[in-house]
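A.B. asks: I have a structure I would like to understand better, so I am pasting it below and will then ask my questions one at a time.
The values are calculated or read from the model by the stated rules, or taken from the named source; none is laboratory data. Every value quoted in this text rests on a predicted model; they were computed, and no experiment measured them. Positions of Cβ are generated from backbone atoms using ideal geometry, with glycine treated the same way; all protein chains shown enter the neighbour counts. Ligands, DNA and RNA are excluded from the accessible area calculation, which covers all protein heavy atoms including side chains. Shrake-Rupley method; radii C 1.70, N 1.55, O 1.52, S 1.80 Å.
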Amino acid sequence: MPSSLPRTSLIPRPTKARIKPGHFTFDADTRLRITDGAEPAADLLRTLLAPATGLPLTPAADGPVVLALDTALTGLGNEGYGLTIGPHSLLLRARDVTGLLRGVQTIRQLLPAESLAASPQPGVRWTVPCADITDIPRLPWRGAMLDVARHFQPLSYLLRYVDLLALHKMNVFHLHLTDDQGWRMPVSAYPKLTEIGGRRRQSSIGPNGDRYDGTPHSGAYTRAELARLVDHAAARGISVMPEIEMPGHVRAALAAYPHLGNQPERTLDVWTRWGVCETTFGVHEEVFDFCRTVLEEVMDVFPSPYLHIGGDECPTTEWEQSPAARTRARIEGLRNPAALHGWFLDRIGTFLTRQGRRPVGWAETGTELPDGFTVMAWRDPAHALNAARRGHDVINSYYRATYLDYPQSADPDEPPGQPGGVVGLRDVHGHDPLPETAPPRTATHVLGTQAHLWTEYAATPARIEYLTYPRLCALADGGWSGPSTWTDFSSRMEGHTARLDVLKVNRHP
Ligand code: ACM
């Protein structure tokens, strides 16, 4: 590329991009031509550019900026787009409106970084370089999980979190709403889930449970807030996938409704420790009634085709010790009480499938989840392909490349994170969620990859962003664009860092 051409530093990298001499300038008179169905993309472009640029982007039949839907562009799939920029026109085309929403994010990245600012930026010329871009994601699932159970975050922060995902062309926001330490989603039939399960007395400092902060922690969303999150994300082409944990990681639910446990007379607190808790749901019919009622309300709020029901880190000790659970296992023809885990998930998975949804679960071996589950394989890099070979759709979630709760370096000044490892930017960048060695029939089951942020050690938005950026940029780049050299990625990150800084992202240096 001749050096006179402007440098672009797009994250993720487009499939094909030719930057050409010249530029197109947006100004107060720039009009938008919008074809039928493309209005959501025009709304998003205006909404995102307004704070910094004040551009009205008024609609007009002869506008030089065209946002066009064209169903004949089948090769672009549902997220791809084409962008042609000349000195006097800008044409963004896609088959589906989601593709236009992705293209809007590219336009933002082609503009000066100041266009991302939250306040007016007088004196900046709003130019984009002339270019021909065709851009289609490599993988259909590029997600990020945020755990709001360990530390609750207000809706205002979730909206910002989604905005940052959208900038990186991510398409799934996985919201981890329940765990041993807190239940954050209101369920009208079970008000104590948030009244009691949404509050814990204090929190462990560090992993051992030998020191506590003495500070109560609480929080729950309203239904209206969750609906607003879903709408905000949809306007950015992002689906919000809720996670309701079962049959383990349910201590907060058991604190609210002890009769759902294996010892109905026992009173439990919302857990104040971190780690794996021994308590699990019982396997009596009331538990399934509860799960179905909760999930019905979840389905009312979240239109996501995928619903995550956890399934991870579920000790089977309580079932082994419970006469009722042992009897249940025998009646169901299971080989032992431990097999109640798969049986439990299968019942709930079947219920969700009948409602037209797809169950998702965490996999610890890649082979333990019932048929029909989409699998998040997190423990071992081989597990994703093991599950895909069995016919599961898979989200590659290998913890040493996608768990952003681990510190980014071994530097002693690094703030405390999940103990037991370091996940550096290079680890995330170097991880290919779809290994080249995967046979084609297996590869089609690897839907994509996802970043995960458990928040035992991240209580505030500032800490969440410190752990998330820039590592999420690498994950988004790999998921959308496929592998890149470190030199290419890091040189694009230099330009992209200016954007994160304008957005006041509290990124890791
Ligand atoms: C997990 O990390 N427990 C899924």
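A.B. asks: Over the Cα atoms of the stretch 133-225, each weighted equally, I'd like the Debye log10 I(q)/I(0) at q = 0.15, 0.16 Å⁻¹, rounded to two decimals.
C.D. replies: After summing over all Cα pairs, the log10 values are -0.70, -0.77.
A.B. asks: Just how far, in whole angstrom, is the stretch 448-509 from the stretch 252-328 if you go by their alpha carbon centroids?
C.D. replies: Using only Cα atoms, the two centres lie 34 Å from each other.
A.B. asks: With only alpha-carbon atoms in the gyration tensor, what are the semi-axes of the equivalent ellipsoid for the stretch 1-100, in Å, largest first?
C.D. replies: 21, 20, 13
A.B. asks: Take the eigenvalues of the Cα gyration tensor for the stretch 261-365, scale each by 5, and report the square roots as semi-axes in whole Å, largest first.
C.D. replies: 23, 17, 14
A.B. asks: For all pairs of alpha-carbon atoms in the stretch 181-231, what percent lies in each bin of width 5 Å, listed from the first bin to the last filled one?
C.D. replies: With a bin width of 5 Å, the distribution comes to 5, 20, 20, 18, 15, 11, 8, 3, 0.
A.B. asks: On average over all directions, what projected area in square nanometres does the chain have, based on the convex hull of its Cα atoms?
C.D. replies: Its average projected convex-hull area is 24.7 nm².
A.B. asks: Rounded to the nearest 20 debye, what is the charge dipole size of the chain about its Cα centre when +1 sits on each Lys and Arg Cβ and -1 on each Asp and Glu Cβ?
C.D. replies: The dipole of the chain has a size of about 880 debye.
A.B. asks: What's the Cα-based Rg to Rh of the stretch 298-353, Rh via Kirkwood?
C.D. replies: 1.08
A.B. asks: What accessible area, in Å² to the nearest ten, does a 1.4 Å probe give for Phe281?
C.D. replies: 0
A.B. asks: Calculate one ³J(HN,Hα) per residue across the stretch 458-466 by plugging θ = phi - 60° into the Karplus curve 6.51 cos²θ - 1.76 cosθ + 1.60, and present them in order as whole Hz with x for glycine and proline.
C.D. replies: Rounded to whole hertz, the list is 9, 8, 10, x, 4, 5, 4, 5, 5.
A.B. asks: When the C-alpha atoms of the stretch 376-425 are aligned to their principal axes, what extent does each axis show, in angstrom, from largest down?
C.D. replies: Taking the Cα atoms of the stretch 376-425, the three principal extents are 44, 17, 13 Å.
A.B. asks: Placing unit charges on C-beta atoms (Lys and Arg positive, Asp and Glu negative, everything else neutral), compute the dipole magnitude of the stretch 263-420 about its Cα centre in debye, rounded to 20.
C.D. replies: 680
A.B. asks: At 7 Å along the Cα-to-beta-carbon direction for both Asp269 and Asp29, put a label point, then send me their distance in nm to one decimal.
C.D. replies: Each label point is offset 7 Å from its Cα along the Cβ direction, giving 6.9 nm.
A.B. asks: Out of all Cα-Cα pairs in the stretch 70-162, roughly what percent, to the nearest whole number, are more than 22 Å apart?
C.D. replies: 47
A.B. asks: Enumerate the residues in the stretch 458-482 having an amide nitrogen under 20 Å from the point lying 7 Å beyond the Cα of Ala118 toward its Cβ.
C.D. replies: Flagged as within label range: 459-470.
A.B. asks: Between the stretch 72-122 and the stretch 379-446, how far is it from one alpha carbon centroid to the other, in angstrom?
C.D. replies: What the calculation gives is 30 Å, centre to centre.
A.B. asks: Using only alpha carbon pairs under 8 Å that are at least six residues apart, calculate the relative contact order of the chain and give it in whole percent.
C.D. replies: Taking the mean separation of contacting Cα pairs over the length of the chain, I get 14 percent.
A.B. asks: May I pose another question? Helix 155-167 sits at what angle to the longest principal axis of the chain, using alpha carbons and giving 0 to 90 degrees rounded to 10?
C.D. replies: Roughly 50 degrees between the two axes.
A.B. asks: Right, next: Based on the alpha carbon coordinates of the stretch 352-393, what radius of gyration and maximum Cα-Cα distance (Dmax) apply, in Å?
C.D. replies: Rg, Dmax (Cα atoms, Å): 10.1, 32.
A.B. asks: Treating only the Cβ atoms of Lys and Arg (+1) and Asp and Glu (-1) as charged, compute the dipole magnitude of the stretch 1-134 about its Cα centre; round to the nearest 20 debye.
C.D. replies: Rounded to the nearest 20 debye, it is 480 debye.
A.B. asks: Mind checking which of Ala438, Pro509, Thr30 is farthest towards the positive end of the chain's charge dipole, using Cβ charges of +1 (Lys, Arg) and -1 (Asp, Glu) about the Cα centre?
C.D. replies: Checked the options; the winner is Thr30.
A.B. asks: Taking only protein heavy atoms and a 1.4 Å probe, what accessible area per residue, in Å², does the chain have with all protein chains in place?
C.D. replies: On a per-residue basis, 39 Å².
A.B. asks: Could you give the angle, 0 to 90 degrees to the nearest 10, between helix 486-502's Cα long axis and the longest principal axis of the Cα atoms of the chain?
C.D. replies: 90
A.B. asks: Test of understanding: what is the full-extension gain from Asp231 to Ser156, defined as 0.36 nm times their sequence separation minus their Cα-Cα distance?
C.D. replies: 25.6 nm
A.B. asks: Related question: FRET efficiency for Ser490 and Ser409, Cβ-Cβ distance as r, R0 = 25 Å, nearest 0.05?
C.D. replies: According to the calculation, E is roughly 0.95.
A.B. asks: Another one. Where does the charge balance sit around His392 when Lys and Arg score +1, Asp and Glu -1, over other residues with C-beta under 12 Å from its C-beta?
C.D. replies: Residues close to His392 contribute a combined charge of 0.
A.B. asks: When the gyration tensor of the stretch 453-509 is built from Cα positions, what are the square roots of 5 times its three eigenvalues, in whole Å, from largest to smallest?
C.D. replies: The three semi-axes for the stretch 453-509 are 22, 14, 8 Å.
A.B. asks: Then there's this: Tally up the carbon and sulfur contribution to the accessible surface of the stretch 116-228 as a whole percent, 1.4 Å probe, everything protein left in place.
C.D. replies: Taking all protein chains in place, the stretch 116-228 shows 53 percent carbon and sulfur surface.
A.B. asks: So in the chain, what percent of DSSP beta bridges are antiparallel if you round to the nearest 5?
C.D. replies: Within the chain, antiparallel bridges account for around 35 percent of the total.
A.B. asks: Normalise the Cα radius of gyration of the stretch 369-502 by 2.2 N^0.38 Å (N = residues in it) and let me know the number.
C.D. replies: Taking the Cα Rg and dividing by 2.2 N^0.38 Å, one obtains 1.11.
A.B. asks: I've got another one for you. Test of understanding: extend the Cα→C-beta vector of Asp132 to 7 Å, then name every residue of the stretch 67-93 with backbone N under 13 Å from that spot.
C.D. replies: 83-86
A.B. asks: Right, here's the next one. Going by alpha carbons, how many degrees (0 to 90, nearest 10) lie between the helix axis of 285-301 and the longest principal axis of the chain?
C.D. replies: For 285-301 against the chain, the angle is about 10 degrees.
A.B. asks: Also: So, R0 is 41 Å and r is the distance between the beta-carbons of Asp300 and Arg18; what FRET efficiency does that work out to, to 0.05?
C.D. replies: Approximately 0.30, to the nearest 0.05.
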